[in-house]
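Remarks on the structure that follows.
The values are calculated or read from the model by the stated rules, or taken from the named source; none is laboratory data. Since the model is a prediction, treat every value here as computed from it, not as a measurement. We place every Cβ from the backbone using ideal geometry, glycine too, and count neighbours over all the protein chains shown. In case anyone asks, the SASA skips ligands and DNA or RNA and just uses the protein heavy atoms, side chains included. Shrake-Rupley method; radii C 1.70, N 1.55, O 1.52, S 1.80 Å.
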Amino acid sequence: MSNEIAGHVYYEYLNNKDADLFTVVCRPDKNGKYPTVITRSPYVDDDALLSEEKICENRLNDFQSWIERGYVVIIQHCRGCGKSTGDCVPYIYEREDGLFLQAWVRQQDFYNGEIYLVGSSYTAAIHYVTAPFADDIKGAVLRVKDTERYNCNYRNGFYKMGLHGGWYVDMYKKKTITTKNYTPESYNMLPLSNFSKTVFGESAEDFDEILKHPNHNDNFWDTRYGGGETRGILNHANIPILLMTGFYDIFTGGIFDMWNAIDDETKAKSALAVHPFNHDCSGELEPVNFENGDISKFFPEYDLAWLDYIRGKEKPPFELGKITYYKVFGDKWCCDDFYTANHLEKIVLGDTSVTYKYDPQNPAVFKGGLSANFGGNAWQDAPDLRDDIITLYTPEFNEDTFVKGKIKARLKVKSDCEDTCFYIRISLCKAEGDYGLRDDINQISNFCNTYVQGSEITMDFSFDEHAFIIKKGEKIRIDISSSAFPLYVRHTNNKGLFSELTTTKIANNTVVLSGSYIELPIEK
């Protein structure tokens, strides 16, 4: 039943699979048939305290320009969120609920045969799960989220407590389990497989399964719990898609991978935009708020302009088939194919060896999640505050240098444990402080499953894409450790499935600097 608030906004509770899904419809003043924009969100807790009428008024104000341009805009509260009933279990019901909403739209008198999907982060992910897209899905704006669920949970087998960890706890059955026995240190419990029972008071089957499958090649990631229904779904989508990320987004690398995998036909009508900030696409809380870096100000109403481009009403806001990106500390927007830079500069880390003691009971702490965890960027702590963090510096650069692409690193290491890990963080030394660039983490068992304690092994690291200027006289800082709290679940220095291990031990880890280096992709 419709509940009309004004002539062009109303709400309905759409029932699907034992849940009433609160849905707001904003439409142009005149009756007629219009293109429809769909957005669904779980981030509506504040709306739960408002009347339906007030929510409708707020959404009408939010999307006034869209309505004036001739779009119907539909906003739905996800299951178990805001005004919608049912239980919120991340991802699990989104395909059924999303397809149900699309089918409902097709039955409405305003439907003109065109549906557009718009969302950011999780609100983009819930559009991904409705693929393969029906013929009336004519285009999309999908920001700060890639299609690989693995990337949300793991990096090289290390669970991202600084991304999925705390987020999942907040989301899980947030209306029905309002008190949860949780702090970030909860991810230190052993075995970690007890996490959901301890924190929620019940087993969360989907979460428990994720903890069993840290390997990206595991068949689990093709199942629903692993997000298999979204893997590669944009590769041959054949609709105009605007993708967006930031150089300090939590999905930067995954979105670049997703863009690179898209077929030529889809890519030719699509675009990728990369701003210089974090997952929120804003520089207000970042250490540097770059001039003209705010994409919504430099490219006003780019999302609405993208839909108008699809409908043949104006030129696209970004060049098609290309990547539009902000050159960090170069202070300008660029547009090209973002191919690998034409020069690789290898910088050896030293001529000695350094050994440190890594105690999992006392993990090292780093500021800012950079491109793999929440927290964006941050000025880094001063060096030499802990014995278990090796800090190294490159020589000063003798000219302005444009680094563009994926930085890589190689460490020659050894340990007195059968398995352990190494973490690398790279920062740019500015006059104001050390500005974090990238991080990566990996474990010995990913390179040698039969490691002999005390032997040397080579480990390779690869960092997410970046584009930044090193000014003359500046240098790069490299921090090497074996932990990074509160970003990644600690390595116990034991071999085996991390979530089933019950003890920790101290490792004596060595980095052979003479056999270790970083490699910068430099555009000449």
Excluding same-chain residues fewer than 8 positions from K138, which lysines have a Cα within less than 24 Å of its Cα? K30, K33, K267, K269, K313, K315, K322
At most 16 other Cβ atoms within 10 Å and a DSSP loop assignment: could you name the GluC sites (Glu not before Pro) in region 249-338 that fit? E284, E291, E301, E314, E319
Along principal axes, largest first, the alpha-carbon spread of region 171-216 in whole Å comes out as 32, 20, 15
FRET efficiency (L285, I457; Cβ distance; R0 45 Å; to 0.05) is 0.70
Report, in debye and to the nearest 20, how large the dipole of the chain comes out about its Cα centre when Lys and Arg carry +1 and Asp and Glu carry -1 on their Cβ. 380
Sort 339-349, 26-36, 405-415, 369-379 by packing, meaning the average of other beta carbons within 10 Å per residue, with the highest value first. 369-379, 405-415, 26-36, 339-349
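Compute the length gained on full extension between K54 and K33: take 0.36 nm times their separation in residues and subtract their Cα-Cα distance, giving the result in nm to one decimal.
Full extension of this stretch gives 5.0 nm more.
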Separation between Cα centres of region 344-380 and region 261-337, rounded to whole Å: 30
E345 paired with T198, simple spin-label distance in nm, labels 7 Å along Cα-to-beta-carbon: 4.6
I want to make sure I understand the PRE zone here: with the label point 7 angstrom from the Cα of S353 toward its beta carbon, which residues in region 454-486 have backbone N atoms less than 17 Å away? 454-459
With every protein chain kept in place and a 1.4 Å probe, the chain has an accessible area per residue in Å² of 39
Extension gain (nm, one decimal) between D384 and C334, 0.36 nm per residue minus Cα-Cα: 14.3 nm
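Give the whole-number value, in cubic angstrom per residue, of the convex hull volume spanned by the C-alpha atoms of region 70-211.
126
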Select from N15, H491, W306 the residue farthest towards the positive end of the dipole of the chain; place +1 on Cβ of Lys and Arg, -1 on Cβ of Asp and Glu, and compute about the Cα centre. H491
Debye, to nearest 20: dipole size of region 1-50, +1 on Lys, Arg Cβ, -1 on Asp, Glu Cβ: 380
Would you mind estimating how fast region 139-256 diffuses translationally, via Stokes-Einstein at 37 °C and 0.692 mPa s with the Kirkwood radius over Cα pairs, in µm²/s? 209
Relative contact order for the chain: what percent, with Cα pairs under 8 Å and sequence separation of 6 or more? 14
For region 416-524, what number of Lys pairs, 8 or more residues apart or on separate chains, have alpha-carbon atoms under 21 Å from each other? 7
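Can you give the extra length, in nm with one decimal, that the chain gains between K173 and E265 once fully stretched, where that is 0.36 nm per residue apart less the Cα-Cα distance? Before the final figure, lay out the partial values.
Details: separation 92, 0.36 × 92 = 33.12 nm, distance 4.09 nm.
Result: 29.0 nm gained on full extension.
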Treating cross-link reach as a plain straight distance, find the lysines whose alpha-carbon is under 20 Å from the alpha-carbon of K17, omitting any fewer than eight places away in the same chain. K83, K173, K174, K175
What does the helix-only formula give at 222 nm for the chain: each DSSP H stretch with n ≥ 4 adding -39500 (n - 2.57), the total divided by the residues, and the result rounded to the nearest 500 deg cm²/dmol? -4000 deg cm²/dmol
Descending semi-axes in whole angstrom, ellipsoid equivalent of region 304-421, from the Cα gyration tensor: 40, 20, 15
Given a 1.4 angstrom probe, I'd like the percentage of the accessible area of region 290-425 that is carbon and sulfur, rounded to a whole number. 46
Using the basic label-point model (7 angstrom from Cα toward the beta carbon), what is the S65 to D222 distance in nanometres? 4.5
Selected from N377, G405, A364, residue furthest toward positive end of dipole (region 319-428; charges at beta carbon): G405
In the chain, what percentage of the DSSP-assigned beta bridges are antiparallel, given to the nearest 5? 70
Binned at 10 Å from zero, the C-alpha pair distances of region 57-123 give percents of 16, 47, 33, 4
For L14 and N215, FRET efficiency with R0 = 35 Å and r from the beta-carbon atoms, rounded to 0.05? 0.35
Can you give me the % of accessible surface on region 49-103 that is carbon or sulfur? Probe 1.4 Å, all protein chains present, nothing else counted. 51
